[in-house]
Structure formats: structure tokens, C-alpha cells
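The values are calculated or read from the model by the stated rules, or taken from the named source; none is laboratory data. Quantities reported herein were computed from a predicted structural model and do not represent experimental measurements. All Cβ positions, glycine included, derive from the backbone under ideal geometry; neighbour counts span all protein chains shown.
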């Protein structure tokens, strides 16, 4: 069945080269914009992930240093499986650290701290894998809220203001990029659908004849869906090539113009999974677009219905 | 084999056209029957109903073991694979070669490529078009297109062969050859039902003849 569909596709392509070339060009254009969007998304996500890795969480213990309670808090932190590099900072260590930092700027302040150390002991840790999504941020907020109720814990800090802003950026960026991808995909769906609809109207007689000789709906429909799948795949593949050429051109240009910025190490081309995603999306979109427009192509009585229309 | 019972066909419109009126007809398995009548008498409409190309407005039609009134979307293709139809306007696929056109019923049936090639080449040879098997219909004369249509209708050895003016575009010599070919097919057990207004041809073959006029059967011998 696929050999027949491929044969049919090649024949159609040869007989209507202009139509196919136009459709393929528009699709390559749309998919290239889409691939560029994926490229931008990938690199922003990479930068955000880098920032997300820098989120540090501190659990401050109550004034009274109780080793049993401190061990209990440590156990809770470890049990969460959420953190890496957990370190304990005693009151004394906190004071030493504080002194080191403040000494340069305000040495007078330190005199009062010699006899009265107000700094609490704490656990400091980083989040395993960093905060990459809004969901992970929410998980952190919930964990911090729960942790504050644990006996011996005075305060949980994760740079709330900064992380909240960062989470908002993640949320807006995720939402915007998906909206953009959705709009581009819908547009492409219509381009493919239009091409297939054109193909169907040019082959209306052929469909009737196929019906009259006993072709099933699937047999009639499949060549159109196949056509869409091939168009989608080819367009996605060529769009990736076009995006790669654009990437090389732009990064080379920036390397020449902005010598201080090592753009090639900071802006990466689409990763293999993203390229695969683009190919799968393009191919599926082609098949889906064709199916949507061709699904009613044959009712088994197309010829009869056409006759009824003519006689009306 | 073929049975019409009180079949009517009305084309709706500003003025409804009663194309067929109360058709009652039975054709047994293995018969060779001519359907004659002037242009516009209802021959083509009758054949359209017979090939499930169209549905009757009322009455019932049975062909082979299929009740055409009750065919659903899944059964229609199955029925059509059991019959062979030669259309007056040939209905050839312009984007396919002679070979590919003739192969269509076998492809649709899911035959193997080797089997298809053997059967198609054999029938194309029988209708005298072997040398044109790779040509496209637009490059053929009317008579040649007619022969391609005939080969396509016969290639899958149908139980019933319905032909609407199969010799209409052929010279008398070729027309006789084609009817002889259909005669051979009939001798092998296929029921053949031919619409024609070629009275000479009908006379030459003394077979059962049904005459239709103004949408009604007026004579059945």
C-alpha cells in the first residue's frame, strides 16, 4: 500500500511541480521560524537552568542549639531527596563567616558580637539539578512552608524575592513559547490542508473512479495522508538544514563583530532530541493536516452524491 | 443474479425527472442480455443503479447476493469488486498508464504484483493493446480507450459484467470482436448485460433483448 502511495506521490509531484514547490517553500519557511523558536527556547532554557542551579536554600535553627533537634532537621532535609551539597553551619561558624565578610566594611560593628552571638546555626544546601520549572519552584515553596513547622526550625530562606521573579520569568517564557509554537503549527496545518484540498479537487474524478472499482475509504484516503506525511517530513528536514545554515552564518558574524563574546559556546544549535521533535512534529502535522482535509473524501457514494448535486 | 422489483428513480429538482418507472426485471446467472432503447430512455440510469453508482428512489434491486438498497459504506466497495462495469464515458484514470488502469480492480482487491502483471498483460493482449500498455489514456483514440475500459472491467473475472454502449466508439469490425470477447467471457459463466442501440449487433447475436422507453420496460424477449 505504501509503495503504491509513494508511486502516486512521485507521479503527483511530477505532474504538479509548481503547486508542490510552492507548498514546500511555505512549509519550509514556517518550520524554519518554528525551528528558530525552538533554538531560542533551548538557549533561554539553558541560561535559566544555569541560574536555577544557583538557588541556595538555608534552614535556620532556633536559638537554643539542641543537637537532637538539629539531627532531626538534617534527617528531614535528607529524606526530601531534593537537595545536594547539604552543609551545617554552627553558630560559631556563622559568626566567623559574618566577621570575615563585615570586617572590611564596618569593623566597629563586630565589637558587640564578641560576647553576644545573635546568629543562628543553619543548614545550607543547593537544589539537586536546580529550579528549572514553575512546578519545581512550587515544590520548593511547599517544602519551605512545611519545614518551618518542624520543631527547632526558626526560618527557611531560599532568596524568596529572587526565586519568585525567576519563577515568573519561567512561567511567562514557557507560556509564550508554547503559544508561539501553537500558532505556527496551526498555520502550517492550514498550509498543508490547503495543498491537500487542492490536490483532492484536482483528482475528484480519480476518487470517483477508485470508488466505482471498489476502493475502500482507507485506500482512497491513504495516498493523501501519505502525501502530507512526506511533505511535513521533507519540510521539517529542510527547515532544520536552513536553521543550521542561519545559525552558522549568524554565529560566525557575531564572532567577527563581537570578539569579546564567545557566542558559539554560549548559544548552542538544536540538540538531537529537539531536532527529532521538529521532525516528528513536522511529519505528524503533515499527516494530520491531510487527514483533516481528506477524511470526508469518500463516502462510498461520491459519484452518486455528485450526480444528485448536478441534478439539483 | 440480477433482480429489479418495482424500482423507480426520480431526480429531484425544480421539475422532478422520472428517469425509471416501475422496473421489474430478472436476469439469471450466465445469461447474455441486451438492453436497447433510444437515447434518454433510461438505459444509463438503469445501469447506474445496477452498479451501485446511484441509489433507487424506491423499490428494490438485488445483484449477486447483495441487496443494493441496504448497502452501507463498508459493503459498497465489496459489492463493486464483484462486478465489472464498462462506462459509456470510459472513466479512465488520466494520470495512469493503460497497464495501471487495467490493474486497478486487482490492486483494489489486494492481489500480488506478480499476479497482477500476469493477468493484466493477458487481458491487454486480448483487447489488442499490449503495445500501448505504457501509454496514457490521453494518447489513445476513442476506440482504444474503450478497449482499455473493457479490459479493466474483465480483468478480475467478475460475476456480472455490465456494459453501457461498449461498442459505441468502435468500427463495426472491432465492435464484433469486442462482442465476441464478451461472448467468450459469458461462456465462462459470467452474466453479461449490455446496453446498446446498435440494432445490427443485437440482430447478429440472437440473445435475450430487453427494450426500454421513457423509463419503462416495453418489451422483454
One residue from A:177, A:199, A:188 being away from chain B (no Cβ under 14 Å), crowded, with 21+ Cβ neighbours inside 10 Å and touching a residue at least 60 places away in the same chain (Cβ under 8 Å): A:188
Condition first: closer than 26 Å to residue B:42 by Cβ and either assigned to a helix (DSSP H, G or I) or over 16 Å from the mean Cα position of the chain (by Cα) (or both). Now tell me which residues in segment B:174-197 satisfy that. B:175, B:178, B:179, B:182, B:183, B:185, B:186
Tally time: how many residues in segment B:69-104 are surrounded by fewer than 22 Cβ atoms within 10 Å (Cβ to Cβ), modelled with pLDDT of 90 or more and in contact with a strand residue (DSSP E or B) (Cβ under 7 Å, 6 or more places away or on another chain)? 1
Here the qualifying pairs (Cβ atoms under 8 Å; residues six or more apart or on different chains; first in segment A:240-260 and without any contact (Cβ under 8 Å) to a residue 40 or more places away in the chain; second assigned to a helix (DSSP H, G or I)) come out as A:251/A:263; A:251/A:264; A:254/A:263; A:255/A:263; A:255/A:264
Please state which of the following conditions residue B:61 fails to meet, knowing it meets all the rest: (1) crowded, with 20+ Cβ neighbours inside 10 Å; (2) at the interface with chain A (Cβ under 10 Å from one of its Cβ atoms); (3) more than 30 Å from residue A:202 (Cβ to Cβ). (2)
Anything in segment B:187-203 that is surrounded by fewer than 20 Cβ atoms within 10 Å (Cβ to Cβ) and at pLDDT 85 or above? List them, or say none. B:187, B:188, B:189, B:202, B:203
Being part of a helix (DSSP H, G or I), free of Cβ contacts under 8 Å to residues at least 40 places away in the same chain and either over 31 Å from the mean Cα position of the chain (by Cα) or not assigned by TED's automatic domain parsing to the domain that holds residue A:284 (or both): is that true of residue A:218 here? yes
Do you know which residues across segment B:1-30 are within 14 Å of chain A (Cβ to nearest Cβ) and in contact with a helix residue (DSSP H, G or I) (Cβ under 9 Å, 6 or more places away or on another chain)? B:9, B:11, B:12, B:13, B:17, B:19, B:20
Given the conditions (1) buried (at least 16 other Cβ atoms within 10 Å of the Cβ); (2) assigned to a loop (DSSP other than H, G, I, E, B), report the number of the one that residue A:136 does not fulfil. (2)
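Kindly indicate whether residue B:184 is over 24 Å from residue B:3 (Cα atoms), surrounded by fewer than 19 Cβ atoms within 10 Å (Cβ to Cβ) and out of contact with any strand residue (DSSP E or B) (no Cβ under 8 Å at 6 or more places or on another chain).
On the way: over 24 Å from residue B:3 (Cα atoms): no; surrounded by fewer than 19 Cβ atoms within 10 Å (Cβ to Cβ): yes; out of contact with any strand residue (DSSP E or B) (no Cβ under 8 Å at 6 or more places or on another chain): yes.
Criteria not met by residue B:184.
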Helices (runs of 4 or more DSSP H) enclosed by segment A:256-312 - at least 1 residues per element that are under 27 Å from residue B:50 (Cα atoms), within 14 Å of another protein chain (Cβ to nearest Cβ) and at pLDDT below 75: A:302-311
Taking segment B:53-80, which residues are assigned to a strand (DSSP E or B) and without any contact (Cβ under 8 Å) to a residue 24 or more places away in the chain? B:66, B:67
Return yes when residue B:50 is within 14 Å of chain A (Cβ to nearest Cβ), under 16 Å from residue B:192 (Cα atoms) and touching a residue at least 40 places away in the same chain (Cβ under 8 Å) and no when it is not. yes
Checking residue B:119 against (1) surrounded by fewer than 16 Cβ atoms within 10 Å (Cβ to Cβ); (2) modelled with pLDDT of 90 or more; (3) more than 10 Å from chain A (Cβ to nearest Cβ), only one condition comes out false. Which one? (1)
Could you tell me whether any residue of segment B:130-150 is more than 23 Å from residue A:206 (Cβ to Cβ), more than 18 Å from the chain's Cα centre (by Cα) and modelled with pLDDT of 85 or more? yes
The number of residues in segment B:3-47 that are farther than 19 Å from residue B:61 by Cβ and surrounded by 16 or more Cβ atoms within 10 Å (Cβ to Cβ) is 3
For residue A:69, indicate whether it is under 36 Å from the mean Cα position of the chain (by Cα) and not in a strand (DSSP E or B). no
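Report whether or not residue B:111 is closer than 23 Å to residue B:170 by Cα and either at pLDDT 90 or above or surrounded by fewer than 23 Cβ atoms within 10 Å (Cβ to Cβ) (or both).
Considered against the rule, which asks whether it is closer than 23 Å to residue B:170 by Cα and either at pLDDT 90 or above or surrounded by fewer than 23 Cβ atoms within 10 Å (Cβ to Cβ) (or both), residue B:111 comes out as no.
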How many residues are more than 16 Å from residue B:147 (Cα to Cα) and not in a helix (DSSP H, G or I) when one looks only at segment B:85-137? 4
Would you point out which residue out of A:16, A:67 is within 14 Å of chain B (Cβ to nearest Cβ), out of contact with any strand residue (DSSP E or B) (no Cβ under 8 Å at 6 or more places or on another chain) and at negative phi? A:16
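This table checks each residue for (1) buried (at least 16 other Cβ atoms within 10 Å of the Cβ); (2) in contact with a helix residue (DSSP H, G or I) (Cβ under 9 Å, 6 or more places away or on another chain); (3) not assigned by TED's automatic domain parsing to the domain that holds residue A:148.
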residue: A:16; (1), (2), (3): yes, yes, yes
residue: A:23; (1), (2), (3): yes, yes, yes
residue: A:28; (1), (2), (3): yes, yes, yes
residue: A:40; (1), (2), (3): no, yes, yes
residue: A:71; (1), (2), (3): no, no, no
residue: A:74; (1), (2), (3): no, no, no
residue: A:81; (1), (2), (3): no, no, no
residue: A:85; (1), (2), (3): no, no, no
residue: A:93; (1), (2), (3): no, no, no
Just name the residue that is farthest from the other protein chains (Cβ to nearest Cβ) out of those in segment A:205-215 that are assigned to a helix (DSSP H, G or I) and either surrounded by 18 or more Cβ atoms within 10 Å (Cβ to Cβ) or touching a helix residue (DSSP H, G or I) at 6+ places or on another chain (Cβ under 8 Å) (or both). A:207
Quick one: in segment A:48-66, which of the residues that are assigned to a helix (DSSP H, G or I) and in contact with a helix residue (DSSP H, G or I) (Cβ under 8 Å, 6 or more places away or on another chain) is surrounded by the most Cβ atoms within 10 Å (Cβ to Cβ)? A:52
